[in-house]
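Engineer: Right, I'll just put the structure down here and ask away after.
The values are calculated or read from the model by the stated rules, or taken from the named source; none is laboratory data. For clarity, every value in this text was computed on a predicted model and none was experimentally measured. As a convention, Cβ positions derive from the backbone with ideal geometry for all residues, glycine included, and neighbour counts pool all protein chains shown.
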């Protein structure tokens, strides 16, 4: 089964990993939270996806800053320092003997609630902090094989409706976008902003290449992607013209190349959008060049 840019290589070791729940290391099969947890009942929480390379968390400071922003937006107190949080992550990696090819889902919810109700004042006790680390490598073919996108009817929302910049557990708009793309035979959904300009994909960020220039959206209606920002920085550092701007679907259909970015797979080429072949339909030279720069950046981080 394909999962687009999130295709991964199954690893039998994951059956026996230890999950960190509020500082306790628990076997995967027993790692559970209460049905009264705010994250389960209300989607009330924020999360980060982290990659581990050679024993180090890639771009930890950037992820910690984004997590802190989300916690403040939801008026949630982590109740431990970020130094302690990072120490918990490293303890979890050490307990699982993990050094490389690891993906972590770091989740923070408002914690237990005294009754099923959205009001945060019915939360009791500390937040729930889950560190789920897995041996999880992206399918090597993802870096070369071009994915298919389909433009979905589900739009990215305005910040005054449900802020798309908040990496919350409430992802139903992205899930419905993903469902529509899958039903259309695509790997992922391409989402427009409220004005009809291209914004982002349902689980990755989106770029096109036209005449040697790299274009991505303004970022007004998408999550502040860590990999997205690193790619923009890499373009600038290597004299590749890069623009954050409004552009239309017709600009995508006639693009020379296209690719997506995300923490898990890094840069992944796109070969088809809405049945139109993009460029040659294969990974383009700018995408390949940026993939190399990004891998070097991770190794140096």
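Engineer: Among the candidates 178, 201, single out the residue that is surrounded by 15 or more Cβ atoms within 10 Å (Cβ to Cβ), in the same structural domain as residue 284 (by TED's automatic domain parsing) and free of Cβ contacts under 8 Å to residues at least 40 places away in the same chain.
Structural biologist: After ruling out the rest, the residue left standing is 178.
Engineer: While we're here: Among the residues of region 187-198, write down those that are in a strand (DSSP E or B) and surrounded by fewer than 21 Cβ atoms within 10 Å (Cβ to Cβ).
Structural biologist: 192, the sole residue that qualifies.
Engineer: Ok, one more. In the list 283, 289, which residue meets the criterion of being farther than 24 Å from residue 52 by Cα and either touching a strand residue (DSSP E or B) at 6+ places or on another chain (Cβ under 7 Å) or modelled with pLDDT of 95 or more (or both)?
Structural biologist: The unique qualifying residue is 283.
Engineer: Filter region 67-84 for residues that are under 21 Å from residue 133 (Cβ atoms) and buried (at least 19 other Cβ atoms within 10 Å of the Cβ); which is nearest to the chain's Cα centre (by Cα)?
Structural biologist: Residue satisfying both the conditions and the ranking: 67.
Engineer: Residues in region 4-40 that are crowded, with 16+ Cβ neighbours inside 10 Å and either modelled with pLDDT of 95 or more or assigned to a loop (DSSP other than H, G, I, E, B) (or both): how many?
Structural biologist: The number of residues fulfilling the criteria is 15.
Engineer: Hey, another quick one. Can you name the strands (runs of 3 or more DSSP E) wholly within region 227-301 that have at least 1 residues being under 24 Å from residue 106 (Cβ atoms)?
Structural biologist: Correct list: 257-262, 266-273.
Engineer: Next up: Tell me, which strands (runs of 3 or more DSSP E) wholly within region 70-170 include 1 or more residues that are touching a helix residue (DSSP H, G or I) at 6+ places or on another chain (Cβ under 6 Å) and under 28 Å from residue 34 (Cα atoms)?
Structural biologist: Ranges flagged: 102-109, 128-135.
Engineer: Please work out if residue 186 is in contact with a strand residue (DSSP E or B) (Cβ under 7 Å, 6 or more places away or on another chain), under 28 Å from residue 27 (Cα atoms) and at pLDDT 95 or above.
Structural biologist: no
Engineer: Residues of region 199-226 being within 28 Å of residue 179 (Cβ to Cβ), in contact with a helix residue (DSSP H, G or I) (Cβ under 6 Å, 6 or more places away or on another chain) and in a strand (DSSP E or B), which ones?
Structural biologist: Result: 205, 208.
Engineer: Residue check: is residue 10 more than 23 Å from the chain's Cα centre (by Cα) and farther than 22 Å from residue 113 by Cβ?
Structural biologist: The answer is no for residue 10.
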